[in-house]
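One structure is given here, and the rest of the page talks about it.
Nothing in this text is a laboratory measurement; each read-out follows from the coordinates by a stated rule. All figures in this text were calculated on a predicted structure; none of them were measured in a lab. With ideal geometry, Cβ positions are generated from the backbone for all residues, glycine too; neighbour counts draw on all protein chains shown.
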């Protein structure tokens with residue numbers, strides 16, 4: 001679906017959508033990723049997966065650099081990166097290229113945050129603006145960056161010269177939000193993406209996600225317990241006068257704003273960016289505890305890292321099930337390809353039967369991508385009110401005993 005959606009428009013439209021970041025076109029930088037790899041490798045999932053894993057590894061480096069810079073400690077940076085390495089709730093990242101938007105958004109978001117913390121020169125400011133636009137073009141979660149930078153300034157620097165840059169980023173956000181909420185936006189007619197902005201919605205949805213983050217029973221983080229957690233986190237930051245603890249508290253509260261105002265998803269991969277705040281808070285807290293009890297010797301830092309790694313292996317030791325639809329998509333593509341059925345541009349394919357539910361468009365997407373023909377007409381009997389004349393089609397395909405077979409147009413049942 002994601003690949004087809006970006007391939008179905010022209011390169012010019014896709015590139016213009018990245019320049020006009022406020023357009024309603026769906027996450028156009030992700031489209032550049034899909035189109036580029038498809039152009040080179042075709043409909044082969046391996047290059048897409050390798051690219052996604054490469055981005056994930058790069059993001060661990062960004063997590064380390066940001067955590068180290070914000071905490072001033074290499075140990076905290078290493079632990080934060082360790083916490084970001086894996087979570088059962090991130091299964092979609094490990095199996096589905098459809099989450100590349102989150103991966104790319106994380107990259108641009110945290111590269112912008114890191115550069116911002118390094119200085120406020122003209123070129124740095126220009127890079128931060130460009131990275132912010134790239135992040136917006138990757139996924140909507142990026143809109144929280146201006147608010148995060150306000151938190152950074154309030155806690156770390158209080159540099160008035162940075163205000164114009166933050167104001168510029170906030171100003172860039174307004175037309176972007178307007179575009180995503182416009183009538184042309186693909187989100188408008190999807191019920192689960194309709195925002196419900198209220199404190200009750202925030203607490204309800206975030207509580208659901210907190211249960212999943214910490215592997216707790218559903219309903220554990222009821223609103224009062226959730227509020228107690230925020231108060232405790234802020235209290236520890238105040239008690240130890242710790243800027244990193246205070247910043248990470250603000251980060252986990254602010255960075256979830258777009259996603260907690262819509263219906264909760266069945267997974268937590270949407271918290272990929274907010275997860276950094278949790279990782280930073282836990283990392284800084286553990287390093288502080290280690291320093292107070294054991295001192296700051298490097299050997300103790302290595303021992304702490306090893307212990308935390310062991311605990312995480314146990315905590316995350318749960319079976320992960322790949323998305324069930326993958327074998328069906330692979331079989332459809334490979335079996336249709338193996339039919340070696342030439343079809344003229346703009347031709348017609350009829351599916352007498354297929355294993356996909358009526359409401360899914362996989363046969364259409366797969367067929368057009370296989371033949372690289374946007375005008376290819378793909379019809380499915382299960383979605384038609386009356387049975388068509390099979391003789392009018394260039395290719396008639398049936399699903400029999402778990403395989404696609406070719407039917408002669410004149411003899412199709």
Task: Degrees, to the nearest 10: 45-71 long Cα axis against longest axis of the chain - done: 10
- [ ] Would you mind pulling out the separation of the Cα centroids of the stretch 3-80 and the stretch 110-165, in Å?
- [x] 19
Open item on the list: Tell me the angle of helix 298-315 to the major Cα principal axis of the chain, expressed in degrees between 0 and 90 and rounded to the nearest ten.
Closed with: 40
Task: Chain lengthening between residue 241 and residue 54 when straightened (0.36 nm per residue, less Cα-Cα) - done: 63.6 nm
TODO: Take the alpha carbon atoms of the chain, find their radius of gyration, then divide it by 2.2 N^0.38 Å using N residues; give the quotient.
DONE: 1.13
Task: Residue exposure sequence - 236, 136 - by fewest surrounding Cβ within 10 Å - done: 236, 136
Task: Percent RCO, i.e. relative contact order, over the chain, from Cα pairs under 8 Å lying at least 6 residues apart - done: 16
Task: Neighbour-count ranking [beta-carbon atoms within 10 angstrom, fewest first] of 163, 349 - done: 163, 349
Open item on the list: Eigenvalues of the Cα gyration tensor times 5, then square-rooted: what semi-axes does that give for the stretch 326-407, in whole angstrom, largest first?
Closed with: 16, 16, 13
Open item on the list: Between residue 220 and residue 400, what's the calculated FRET efficiency when r is the beta-carbon distance and R0 is 56 Å? Round to 0.05.
Closed with: 0.70
Task: Label-to-label distance, nm, for residues given as residue 359 and residue 193 (7 Å Cα→Cβ offset) - done: 1.6
Open item on the list: Taking the 0 to 90 degree range and rounding to the nearest ten, how far is the long axis of helix 122-138 tilted relative to the main principal axis of the chain, both from C-alpha atoms?
Closed with: 40
Task: Computed helical MRE - 222 nm, the chain, DSSP H runs ≥ 4 contributing -39500 (n - 2.57), nearest 500 - done: -19000 deg cm²/dmol
